[in-house]
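Engineer: A single structure is presented below for examination.
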Amino acid sequence: MKGQAVRSVPLPKLIFEKSRKGRVGCNVPVADTPEVDLKAALGQVREELHLPEVSELEVLRHFTILSHVNYGIETGFYPLGSCTMKYNPKINERTAALPGFSMLHPMQPASMIPGAMEILLGVQDMLKEITGFDYITLQPVAGAHGEMTCLMLIRAYHESRGEGKQRHTILVPDSAHGTNPASAARCGYDVKSIPTDADGNTDLKALEAALDDSIAGLMLTNPSTLGLFEPNITKICEMVHKAGGMVFCDGANMNAMVGTTRPGDHGFDCMHLNLHKTFSTPHGGGGPGCGAIGIKSHLEPFLPVPIVQRVDGKPSLDWHRPHSIGRVSPYYGQFLMEVRAYTYLRAYGKEKMHEISHYAVLNANYIKARLKDVLPAAYDRPCMHECVLTAEKYKKQHGVRALDISKRLIDYGFHPPTNYFPLIVPEAMMIEPTETECKETLDAFCDAMIEICTEAVNDPDLLHNAPTSQIVGRLDETKAVKELDVRWRTKREGVKV
Amino acid sequence: MNVPADLKYTSSHEWVKMEGDIATIGITDHAQSELGDIVYVDLPEVGRAVKAGDTFGSIESVKTVSDVYAPVSGEVVEVNGMLGAQSEVVNTDPYGKGYLVKIKVNGAADGLLDAAAYTASIS
């Protein structure tokens, strides 16, 4: 496979470039009704829409070819750390497509859709049990949205106690996901960074020094973005609570804990979950996401409306919440994602749920162990669901960066891991295999990484020039940022074609 | 890595050149190398008061966005206007044309590292 083209697909043209005037996609029979003068009927009609004029076959080929140059979990291993790119079982799609779910109208009253309400309640109940929290809301539509909703609840809590103005600072470890300080800043909080100690844990001395009555809360990812479980977690929660602050758990790494340990039991006051990571609903363009949150009962009065509840055995919506922070999304969140998550949870079953975290952790430790001689772990101790390795020696000795290793990995047919995150690890490579990969795939990936590290020593330019097997080579990221050009313009607009 | 002997440094990788009560501030060669290609520099307005240790701007590279911390307290008296269009000079000339701001220092500039101490901190 080395250095050879994995696919031999030429750079596809844009569908606009394939357009020829007058070409049509489908045959429409001659009208047997009188023709209407659109201009007379509507008053104003655009002369041209500049839509591509192509045949049906060309459209089909165009999108089929585009699908061939795509890379996803269904084409190969996707070890993108912090993203939990696990397989999304097909049965999720089957249930989400059932007309009883897919044909619902969001304005239908709850009394008309008891089945859908049962799904929402079912997901809430299962997530409560998995996380150890008292209440779940499924409304936030993305991970960062869940973070922000939790921060709004924390603010509402402090305001209800007359400490809203005084508590204006959120603490965030220096290893945090960038969304944490961003969410806090967006909520109007000052953000203060807490360093990581030599073992990769939260620096307790620095935390102690930062805690005073201006602290609204701490946002902590556990396991941390270093892929390490925070051993002092209960103590940290106690310290922050003693200072009057709340502790939020960034649940991006929940895949390491499902069925094994519960953040609600660690002392956290609230957390967000990414259903599109841990609970197998699709990511990104295949999404949308769902950033469900779990909270302890002292935050319950402030939950966003409506609350999906069960009264006298019947599901209903509660809108009468005087202390609520209000709505955070239209309707009840991404309903069909809840159907997928429900399917996943029920298909696994409570008894086998721990296998998710057990195999996720085992797979990450297997990769860490197999690569230890070529790419050592940034902190050498057992990792959780992902391992963070450092390519620093290749940069120092051979001028090869983590980015070059990642680009070379594309030539070997694998999606690169996350690079340069967390920021506190030099030349970081963050690898998250998930529980859905078999040993053969993990071995093939490790073999490729080991071979690439040999190439880095013997032939660094092979890595500097990678990838060479794709329809495009190394992209100029600097130029892409500085001269952003993502729009195709027609000939009429004087550019291209 | 280039660490000029006549400058002072912070552990967060800013450099300071004192001339009278005016401090010229930038990021170190090590910092620009770690950041990679810099694509955008966000600087404060002239006249803004800054406190030592607080962030006064940010630098965006293809890898990440990084805050820049004020090594001294005082008032911003000049910002490097060249960086709006040519942020890459922070990469090519971090101690010269790629400086970020000049600050009129208010009080003493304490707690800065000399070149030897900074070199030790990054090696």
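Throughout, read-outs are computed from the coordinates displayed, never taken from laboratory work. Not measured: the values here are computed from a predicted model. Note: ideal-geometry Cβ built from the backbone for every residue, glycine included; neighbour counts use all protein chains shown.
Engineer: Calculate the length of the line joining the C-alpha centroid of the range B:72-121 to that of the range A:87-165, in whole Å.
Structural biologist: 48 Å
Engineer: Can you sort A:Trp488, A:Trp319 by how many other beta carbons sit within 10 Å, fewest first? Please list the in-between numbers first.
Structural biologist: Values: A:Trp488 13, A:Trp319 10.
Lowest count first: A:Trp319, A:Trp488.
Engineer: Compute the label zone of A:Asp373 within the range A:423-461: residues whose backbone N is under 11 Å from the point 7 Å along Cα-to-Cβ.
Structural biologist: Nothing falls inside the zone, counting backbone N under 11 Å.
Engineer: Name the residues of the range A:40-61 whose amide N is less than 17 Å from a point 7 angstrom out from the Cα of A:Arg489 along the C-beta direction?
Structural biologist: Only A:50 pass the distance filter.
Engineer: OK, next. Could you order the peptides A:271-281, A:300-310, A:54-64, A:225-235 from most to least packed, using the average number of other C-beta atoms within 10 Å per residue? Please report the intermediate quantities before stating the final value.
Structural biologist: On the way: A:271-281: 27.6, A:300-310: 18.1, A:54-64: 13.5, A:225-235: 20.9.
Ranking the peptides A:271-281, A:300-310, A:54-64, A:225-235 by packing returns A:271-281, A:225-235, A:300-310, A:54-64.
Engineer: Enter the Cα centre distance for the pair the range A:292-360 and the range A:21-44, rounded to the nearest angstrom.
Structural biologist: 49 Å
Engineer: Find how many whole Å separate the alpha carbon centroid of the range B:1-47 from the alpha carbon centroid of the range A:235-272.
Structural biologist: 38 Å
Engineer: Taking amide H positions as placed in the peptide plane 1.01 Å from N, state which residues far from A:Gly81 in sequence (5 or more) or on other chains have amide H under 5 Å from it.
Structural biologist: A:Thr418, A:Met430, A:Glu432
Engineer: Name the residues whose placed amide hydrogens come within less than 5 Å of the amide hydrogen of A:Leu218, ignoring near sequence neighbours (fewer than 5 apart) on the same chain.
Structural biologist: The list, which skips near neighbours in sequence, is A:Leu171, A:Met246, A:Val247, A:Phe248.
Engineer: Here is a further query. Give the cross-link partners of B:Lys102 among the lysines, using a straight C-alpha distance below 27 Å as the criterion and excluding same-chain residues fewer than 8 apart.
Structural biologist: A:Lys192, A:Lys482, B:Lys8, B:Lys17, B:Lys51, B:Lys63
Engineer: Ok, one more. Label A:His50 and A:Glu35 with points 7 Å out from Cα along Cα→Cβ: what is the distance between them in nm?
Structural biologist: Taking the two extended label points, one gets 2.7 nm.
Engineer: In addition: Helix-only estimate, please: 222 nm mean residue ellipticity of chain B, summing -39500 (n - 2.57) across DSSP H runs of length 4 or more and dividing by its residues, to the nearest 500. Mind dumping the intermediate values first?
Structural biologist: Working: 3 runs with 19 residues, N = 123.
Helix-only estimate at 222 nm: -3500 deg cm²/dmol.
Engineer: Next question, about the same structure. Go through A:Ala402, A:Val425, A:Cys237 and say which Cα lies farthest out towards the positive end of the charge dipole of chain A; charges sit on Cβ, +1 for Lys and Arg, -1 for Asp and Glu.
Structural biologist: A:Ala402
Engineer: Radius of gyration and Dmax for the protein assembly as shown's Cα atoms, expressed in Å?
Structural biologist: 27.4, 90
Engineer: Just to be sure I understand the rule: take each whole DSSP H helix in chain A, project its Cα atoms onto its long axis, keep it if the span is 27 Å or more and its mean Kyte-Doolittle hydropathy is at least -1.0. Which ones pass?
Structural biologist: Numbers: long enough: A:439-458 (28 Å, 0.29).
Span-like helices, by this rule, are A:439-458.
Engineer: Restricting things to alpha carbons, find the Rg to Rh ratio for the range B:8-122 using the Kirkwood radius for Rh. Write down the numbers at each step before the final one.
Structural biologist: Details: Rg = 12.9 Å, Rh = 13.9 Å.
Result: Rg/Rh = 0.93.
Engineer: What does the convex hull of the Cα atoms come to per residue for the range A:355-481, in Å³? All intermediate terms of the calculation are to be shown ahead of the outcome.
Structural biologist: Working: hull volume 14.8 nm³, N = 127.
In the range A:355-481, the Cα hull volume divided by residue count equals 116 Å³.
Engineer: Using a basic spin-label model with each label point 7 Å from the Cα along Cα→Cβ, how many nm lie between A:Ile424 and B:Ile22?
Structural biologist: 3.9 nm
Engineer: Now, a different point. Just grab the label-to-label distance for A:Lys482 and A:Thr441, each label 7 Å out from Cα along the Cβ direction, in nm (one decimal).
Structural biologist: So the label points at A:Lys482 and A:Thr441 sit 3.9 nm apart.
Engineer: Relative contact order of chain A: what whole-number percent is it, with Cα pairs under 8 angstrom and at least 6 residues apart? Write down the numbers at each step before the final one.
Structural biologist: Values: 901 pairs, mean separation 97.9, N = 497.
Taking the mean separation of contacting Cα pairs over the length of chain A, I get 20 percent.
Engineer: Any idea which of B:Ala108, A:Leu475, A:Asn88 is furthest toward the positive side of the dipole for the protein assembly as shown, if Lys and Arg beta-carbons carry +1 and Asp and Glu beta-carbons -1?
Structural biologist: Looking along the dipole axis, the top candidate is A:Asn88.
Engineer: Relative contact order for chain B using alpha-carbon pairs under 8 Å, separation at least 6, rounded to a whole percent?
Structural biologist: On the way: 279 pairs, mean separation 39.2, N = 123.
Relative contact order for chain B comes out at 32 percent.
Engineer: Among the lysines, which fall within straight-line cross-link reach of A:Lys439, defined as a Cα-Cα distance under 23 Å, with same-chain neighbours fewer than 8 residues apart omitted?
Structural biologist: A:Lys2, A:Lys86, A:Lys90, A:Lys277, A:Lys352, A:Lys368, A:Lys372
Engineer: Among B:Val105, A:Val28, A:Val36, A:Val339, what is the fewest-to-most ranking by other Cβ atoms within 10 Å? Mind showing how you got there, number by number?
Structural biologist: Values: B:Val105 20, A:Val28 6, A:Val36 10, A:Val339 25.
In order of increasing Cβ crowding within 10 Å: A:Val28, A:Val36, B:Val105, A:Val339.
Engineer: Can you check what the net charge comes to around B:Thr28, using other residues whose Cβ is under 14 Å from the Cβ of B:Thr28 (Lys, Arg +1; Asp, Glu -1)?
Structural biologist: So the environment of B:Thr28 carries a net charge of -4.
Engineer: Ranking A:His415, A:His323, A:His354 by Cβ neighbours within 10 Å, fewest first, what do you get? Present the calculation step by step, with values, prior to reporting the outcome.
Structural biologist: On the way: A:His415 18, A:His323 12, A:His354 15.
Going from sparsest to densest Cβ surroundings: A:His323, A:His354, A:His415.
Engineer: Let me have the 222 nm mean residue ellipticity of chain A computed from DSSP H runs of 4+ only, each contributing -39500 (n - 2.57), with the sum over all residues rounded to the nearest 500. Working shown, then result.
Structural biologist: Numbers: 17 runs with 173 residues, N = 497.
For chain A, the value works out to -10500 deg cm²/dmol.
Engineer: Could you tally the net charge around A:Val305, taking each other residue with its Cβ under 12 Å from the Cβ of A:Val305, Lys/Arg +1 and Asp/Glu -1?
Structural biologist: +1
Engineer: Still on this model: R0 = 56 Å: FRET efficiency of A:Ala97 with A:Asp461, Cβ-based, nearest 0.05? Before the final figure, lay out each step's value.
Structural biologist: Details: r = 49 Å, r/R0 = 0.88.
Approximately 0.70, to the nearest 0.05.
Engineer: How long is the range A:38-190 along each principal axis, judged by its Cα atoms, biggest number first, in Å?
Structural biologist: Reported extents, whole Å, longest axis first: 64, 50, 42.
Engineer: Evaluate the charge dipole of the protein assembly as shown about its Cα centre and quote only its size in Debye, nearest 20, assuming +1 on the Cβ of each Lys and Arg and -1 on the Cβ of each Asp and Glu. Working shown, then result.
Structural biologist: Values: 61 positive and 77 negative charges, 288 e Å.
It works out to roughly 1380 debye.
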